[in-house]
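Peer 1: Okay, handing you the structure first.
The values are calculated or read from the model by the stated rules, or taken from the named source; none is laboratory data. Please read all numbers here as calculations on a predicted model, not as lab measurements. Glycine gets a Cβ as well: all are built from the backbone with ideal geometry, and neighbour counts include every protein chain shown. Areas reflect the complete protein model, heavy atoms only, side chains present, ligands, DNA and RNA absent. Shrake-Rupley method; radii C 1.70, N 1.55, O 1.52, S 1.80 Å.
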Amino acid sequence: MPTVKRQQPIASGESHLSLVRRARKIDRVLAETYPDARAELDFTTPLELLVATVLSAQTTDVRVNATTPTLFARWPDAAALAAADPAQMEEVLRPLGFFRAKTRATIGLAQALVERFDGEVPPRLADLVTLPGVGRKTANVVLGNAFGIPGITVDTHFGRLSRRLGLTTEEDPVKVEHAVGELFEKRDWTMLSHHLVWHGRRVCHARRPACGACPVARWCPSAGVGEVDPVAAAKLVRPGPRG
């Protein structure tokens, strides 16, 4: 675990205790705003979530969700995926883009699971990150959503919102994970990840955030960097997942 200095409050005059209280208030309001927040990749088993998360790189969750039912119907477990004919899998994964690379990644991941873990997805971060194509972000997605083990998933949305909301100034994803994690109870980490990702996809966009429609604007030091007019901002709010 990297050394992370105690958070330096972003807002002028804000103590560490005030930062913690503000961060948790933001999360509570986002929880009320997005009561259905969850992983937006469809899955029924840890393996399905692991593979879907790997496949979601450089595409949208919507496309992955449209593709994985066919994938898992043909190759339902790690042994079947490991032994799959690459040409056949490429045709299934073609809609996701980079289908040759994603086929190699999926088969290689499945082979590693079979060789090292008897075809089962291990419920430990230290084991998951040894698998090809699996980093801390993917591992925490699987741990938090398939195994109920708390973890913070630092994707582009989480990192952007953490900095924009003044929860951290860190840029490195691992440092962001630990810096933000210290502001919350561990039991809240997985849902915190969902809340920030959902908010980032729907309201707090990278290029033009809908500040005038943001439920946490009053606690955000960056409020006003986007559209502040409530009517215009409301038109920027997206209703569903955007990958």
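Peer 1: If you take the alpha carbon radius of gyration of segment 70-109 and divide it by 2.2 N^0.38 Å, what ratio comes out, to two decimals? Before the final figure, lay out each step's value.
Peer 2: On the way: Rg = 9.0 Å, N = 40, 2.2 N^0.38 = 8.9 Å.
Its radius of gyration relative to the 2.2 N^0.38 Å reference: 1.00.
Peer 1: Would you compute, from DSSP H runs of 4+ residues alone, the mean residue ellipticity of the chain at 222 nm, taking -39500 (n - 2.57) per run and dividing by the full residue count, rounded to the nearest 500?
Peer 2: Value at 222 nm, helices only, nearest 500: -15500 deg cm²/dmol.
Peer 1: Which of the lysines could a cross-linker span from Lys137 if the Cα-Cα distance has to be under 20 Å and same-chain partners fewer than 8 positions apart are dropped?
Peer 2: Those lysines meeting the cut-off are Lys102, Lys175, Lys186.
Peer 1: Looking at the chain, what % of the alpha carbon pairs are farther apart than 27 Å?
Peer 2: Counting every Cα pair in the chain, those more than 27 Å apart make up 40 percent.
Peer 1: Compute the angle between helix 136-146 and the longest alpha-carbon principal axis of the chain, please, reported from 0 to 90 degrees and rounded to the nearest 10.
Peer 2: Computed tilt is about 80 degrees.
Peer 1: For Arg116, what accessible area in Å² do you get when you roll a 1.4 Å probe over the heavy atoms of the protein chains, rounding to the nearest 10?
Peer 2: For Arg116, solvent-accessible area is about 130 Å².
Peer 1: Seen from all sides and averaged, what is the projected area of the convex hull of the Cα atoms in segment 173-217, in nm²?
Peer 2: Mean projected area of the Cα convex hull: 3.7 nm².
Peer 1: I would also like to ask the following. What do you get when you divide the Cα radius of gyration of segment 58-155 by 2.2 N^0.38 Å, with N the number of residues?
Peer 2: 1.07
Peer 1: Something else now. Describe numerically, in nm with one decimal, the distance between label points set 7 Å from Cα along Cα→Cβ at Ala232 and at Leu17.
Peer 2: With each label point 7 Å from Cα toward Cβ, the separation is 4.1 nm.
Peer 1: What number in nm² do you get for segment 30-75 if you take the convex hull of its Cα atoms and divide its surface by four? The partial results should precede the final answer.
Peer 2: Numbers: hull surface 15.3 nm².
With every direction weighted equally, the projected area is 3.8 nm².
Peer 1: Continuing with the same structure: Pop out the ³J(HN,Hα) list for segment 118-134 in order, Karplus 6.51 cos²θ - 1.76 cosθ + 1.60 with θ = phi - 60°, rounded to Hz; leave Gly and Pro as x.
Peer 2: Listing the rounded values in order: 6, x, 9, 6, x, x, 10, 4, 4, 7, 4, 6, 7, 7, x, x, 10 Hz.
Peer 1: Let me ask you something else. Please name which of Met89, Ala146, Ser162 has its Cα lying farthest along the dipole of the chain towards the positive end, using unit charges on Cβ (Lys, Arg +1; Asp, Glu -1) and the Cα centre as origin.
Peer 2: It is Ser162.
Peer 1: Could you give P(r) for segment 184-243, binned at 5 Å from zero, as whole percent values over all Cα-Cα pairs?
Peer 2: Histogram of Cα-Cα distances, whole percents per bin: 4, 20, 26, 23, 15, 9, 3, 1.
Peer 1: Moving to a separate point now. Which of the GluC sites (Glu not before Pro) found in segment 124-189 are in a DSSP loop and have at most 12 neighbouring Cβ atoms, other than their own, within 10 Å?
Peer 2: Answer in residue order: Glu171, Glu185.
Peer 1: Dipole magnitude of the chain about its Cα centre, charges +1 at Lys/Arg Cβ and -1 at Asp/Glu Cβ only, in debye to the nearest 20? It would help to have the intermediate numbers written out before the result.
Peer 2: Values: 32 positive and 26 negative charges, 191 e Å.
Charge dipole of the chain: 920 debye, to the nearest 20.
Peer 1: Pop out the ³J(HN,Hα) list for segment 88-104 in order, Karplus 6.51 cos²θ - 1.76 cosθ + 1.60 with θ = phi - 60°, rounded to Hz; leave Gly and Pro as x.
Peer 2: 5, 5, 4, 5, 5, 8, 3, x, 7, x, 6, 5, 5, 5, 6, 5, 4
Peer 1: Using only the Cα atoms of segment 1-133, what are the Rg and Dmax in Å?
Peer 2: 19.6, 61
Peer 1: May I ask for the percentage of alpha-carbon pairs in segment 86-224 that lie more than 22 Å from each other?
Peer 2: Percentage above 22 Å: 50.
Peer 1: Which net charge results when you count Lys and Arg as +1 and Asp and Glu as -1 among the other residues whose beta-carbon is under 11 Å from that of Trp189?
Peer 2: Neighbourhood net charge equals -3.
Peer 1: Based solely on C-alpha atoms, express the radius of gyration and the Dmax of segment 127-167 in angstrom.
Peer 2: 11.7, 34
Peer 1: Rounded to two decimals, what is the ratio between the C-alpha radius of gyration of segment 123-193 and 2.2 N^0.38 Å? All intermediate terms of the calculation are to be shown ahead of the outcome.
Peer 2: Details: Rg = 11.7 Å, N = 71, 2.2 N^0.38 = 11.1 Å.
Working it through for segment 123-193, the quotient is 1.05.
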